[in-house]
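Quick notes on the structure that follows.
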Amino acid sequence: MKKLWAVIKIESVLFMRDFFGFFFTFIFPMMMLLLYGSIYGNEPSPYFHGLGAMDMSVPAYSVMIIGVTGLMAFPLTLAYYKENKIYKRFDATTAGKRTVLCAQVIVNFVMTILGFVLLLSVGKVMYGIQITGSAFAVCLALFLSMAAVYAVGFFLTAIAPNIKICNLLCYLCYFTMIFLSGSTIPRELFPDALKKISKALPLTYAVDALQASFHHAPNQEFWQNILVLLLVLAVCGSLGALLYKRKSWS
Amino acid sequence: MQEVLAKIENLKLNYSTATAVQDVSFKLYRGEILAIIGPNGSGKTSVVECVEGLRSPTSGAVTVFGKNPYLHRHSIYKKIGVQLQDTQYPEKIKVGEVCRLFSSFYDHPADWKELARQLGLWEKQKRTVKKLSGGEKQRLSILLALLPRPELLILDELTTGLDPEIRRGMWDSLLHIKKMGTTILLVSHYINEVEYLADRLVYFNQGRSLFEGSQEQFREYVQQNTPKALWQENLTLEEVYLLLSPQTDVLELEEIL
């Protein structure tokens, strides 16, 4: 535990030193909230089934944070450490690469939760955002969304032969998903063709699960989203692990 | 009788596309400096990584402190310090931070601040690793290798990137470390370094260990395998070593340039 804690401390510092990760985890979602909040306010609207635009946006922007850490920060760090043989160097100590990998997952999870709490707090203060659903459902949706999106990121690093391709895949997935999943622009505004595409993206189900959990007791739709996220986690996680068995860490 | 610290027997290591090493056998005795020499691509680093437990041999046996290093990596790294051939560190980590982090992995680490002073890195402790020069990065790798107060120190290309003054200082430091009881396994391309430091050496070529013995025995081995016309007395170890290598053609750059 002492070793894990030491690596967690350093990885947290390194996360904060990375401008991209820091900005898009803590600042950008808040900027989006304040920008769109100043335009649309949070008055109940028939577009959002009687909820305000910001009531719907906070859970959606939360998924943007999950996307940043799960599809960018975590997989790109993993690919960078692997390609530059940093894990190998840790393997040549009493700590080992598993400690570092574990610390990286924990740090990215914690940063995501901190970003979520910050966003929620600003939303509450500025626009009176309320969570009327159950805390259990919110936590379940949040943690499962993180796990599923991290599994997608892990899978991308497993199929990428090098860090350049990994960068390309991560950027492609990240920007496609944040714009088409409803995490930045409400899907209610999409034409039908885009709505169909968004149904194929894992992040869409994270947005739906979080939005449903914020404002309702868990219903059938919520559990369907949870099931899809579980499937994504199982498929991408196990495929990634299988592919990594064939990869050399040396 | 000398204690055997590491034993490599009939080691074979295959990569997905080729056999990297085969028929490799040698022993490392406590308290000695053993150098592994040989041309590029002869399998030196592959063998050392098997000793370090970073690779599992395809066949044959490797024991370090009486254990299989691949299976008991966690326990043997309490006694081993390594400097890998081409390691990097997270770009944005600072020198002091990486030293503190690696120190935290050991129960009784050496004082990293004192090592940093000795290795000329004390002034750089707040600098990120990315901003270090090649030589400074190399010294950082050596510092981290010394942190566990190792009984066995494995150094792969120790002085690559170091200027002559620091290189000579490093050699003397290693002799001092050896006097304190540390065993050293050294991989080097610099034969003058090997001549200065090594008690014994292992010569590799094309993935096989062809010789194991003292420097004197190596001279005799080369003499026996060299046409008499080429052999001279009073050759340096590097000149002796070069007799084993095929003659390298002088590059005809005039025609290109």
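The values are calculated or read from the model by the stated rules, or taken from the named source; none is laboratory data. Since this is a predicted model, take the numbers as computed values, not measurements. Glycine also receives a Cβ, built like all others from the backbone with ideal geometry; neighbour counts cover every protein chain displayed. Keep in mind that these areas ignore ligands, DNA and RNA; they rest on the heavy atoms of the full protein, side chains included. Shrake-Rupley method; radii C 1.70, N 1.55, O 1.52, S 1.80 Å.
For the range B:143-257, the relative contact order works out to 19 percent when only alpha carbon pairs closer than 8 Å and six or more residues apart are counted. For the range A:37-44, the Karplus equation 6.51 cos²θ - 1.76 cosθ + 1.60, evaluated at θ = phi - 60°, returns couplings of x, 5, 7, 9, x, 9, 6, x Hz by residue, with Gly and Pro reported as x. Taking every alpha-carbon pair under 8 Å whose residues sit at least 6 apart, chain A reaches a relative contact order of 25 percent.
Taking chain A as a Gaussian network, Cα atoms linked when under 10 Å apart, which of A:130, A:220, A:104 shows the biggest mean-square fluctuation? Sorting by GNM fluctuation, first place goes to A:220.
Think of each Lys and Arg Cβ as +1 and each Asp and Glu Cβ as -1; about the Cα centre, that makes the dipole of chain B roughly 1420 debye. Cross-link check: pairs B:94/B:137; A:85/A:164; A:3/A:97; A:3/B:178; A:97/B:137 evaluated at a Cα-Cα cut-off of 18 Å; pairs beyond the cut-off: A:3/B:178; A:97/B:137. Coordinate range of the alpha-carbon atoms in chain B per principal axis, descending: 57, 50, 40 Å. If you plug the beta carbon distance of residue B:173 and residue B:252 into 1/(1 + (r/R0)^6) with R0 = 41 Å, you get a FRET efficiency near 0.45. Protein heavy-atom accessible surface, 1.4 Å probe, per residue over the protein assembly as shown: 48 Å².
Beyond 27 Å, what share of the Cα-Cα pairs of chain A remains, rounded to the nearest whole percent?
Taking all Cα-Cα pairs of chain A, the fraction more than 27 Å apart is 36 percent.
Across the range B:50-55, rounded Karplus estimates of 3J(HN,Hα) from the backbone phi angles (6.51 cos²θ - 1.76 cosθ + 1.60, θ = phi - 60°) give 5, 5, 6, x, 8, 10 Hz, Gly and Pro being marked x. Give, as a single signed number, the net charge of other residues whose beta carbon lies under 11 Å from the beta carbon of residue B:74, with Lys and Arg counted +1 and Asp and Glu -1. Counting the neighbours of residue B:74, the net charge comes to +4. Working from the Cα coordinates of the protein assembly as shown, the gyration tensor eigenvalues give, after taking √(5λ), semi-axes of 56, 23, 20 Å in decreasing order.
Along the charge dipole of chain A, pointing to its positive end and built from +1/-1 on Cβ of Lys, Arg, Asp and Glu, which listed residue (A:140, A:79, A:198) has its Cα farthest out? Working it through, the farthest residue towards the positive pole turns out to be A:79.
Accessible area buried by the pairing of A and B, both sides summed with a 1.4 Å probe, works out to roughly 2500 Å². What the phi angles of the range A:63-69 give under the Karplus curve with 6.51, -1.76 and 1.60, with θ = phi - 60°, is a coupling list of 5, 4, 5, 4, x, 4, 6 Hz, glycine and proline written as x. Near residue B:29, the amide H atoms lying under 5 Å from its own belong to B:5; only residues 5 or more places off or on other chains count, and H is placed 1.01 Å from N. Distance from the alpha carbon centroid of the range A:219-250 to that of the range A:11-39 works out to 27 angstrom. Dipole magnitude for the range A:2-245: about 1120 debye, using +1 per Lys or Arg Cβ and -1 per Asp or Glu Cβ, origin at the Cα centre. State the Cα centre-to-centre distance between the range A:65-135 and the range B:70-123 in whole Å. A separation of 25 Å, based on Cα centres.
Projecting the Cα atoms of B:81, A:52, A:118 onto the dipole axis of the protein assembly as shown, where Lys and Arg carry +1 and Asp and Glu carry -1 at the beta carbon, places A:52 farthest toward the positive end.
In this Cβ point-charge picture (+1 for Lys and Arg, -1 for Asp and Glu), the range B:86-149 has a dipole of about 280 debye about its Cα centre.
Residues of the range A:69-102 that bury at least 20 Å² of accessible area once all protein chains are present, compared with their chain alone (1.4 Å probe, heavy atoms only, ligands and nucleic acids left out), are A:80, A:84, A:85, A:86, A:88, A:89, A:90, A:91, A:92, A:93, A:94. Counting other C-beta atoms within 10 Å, and keeping those with at most 15, which DSSP coil trypsin sites (Lys or Arg not before Pro) do you find in the range B:106-144? Qualifying residues, ordered by number: B:126, B:127. Between amide H atoms placed 1.01 Å from N, distances below 5 Å from residue A:52 occur with A:45, all of them 5 or more places distant or on a separate chain. For residue B:204, the amide hydrogen comes within under 5 Å of the amide hydrogens of B:37, B:38, B:210, counting only partners 5 or more places away or on other chains and with H modelled in the peptide plane. Excluding same-chain neighbours fewer than eight residues apart, the aspartates and glutamates reachable from residue A:2 by a Cα-Cα span under 12 Å are B:107.
With contributions of -39500 (n - 2.57) from each DSSP H run of at least four residues, the per-residue ellipticity at 222 nm computed over chain A stands at -25000 deg cm²/dmol.
Roughly to the nearest percent, how much of the accessible area of the protein assembly as shown is carbon and sulfur, given a 1.4 Å probe?
Accessible surface attributable to carbon and sulfur in the protein assembly as shown totals 58 percent.
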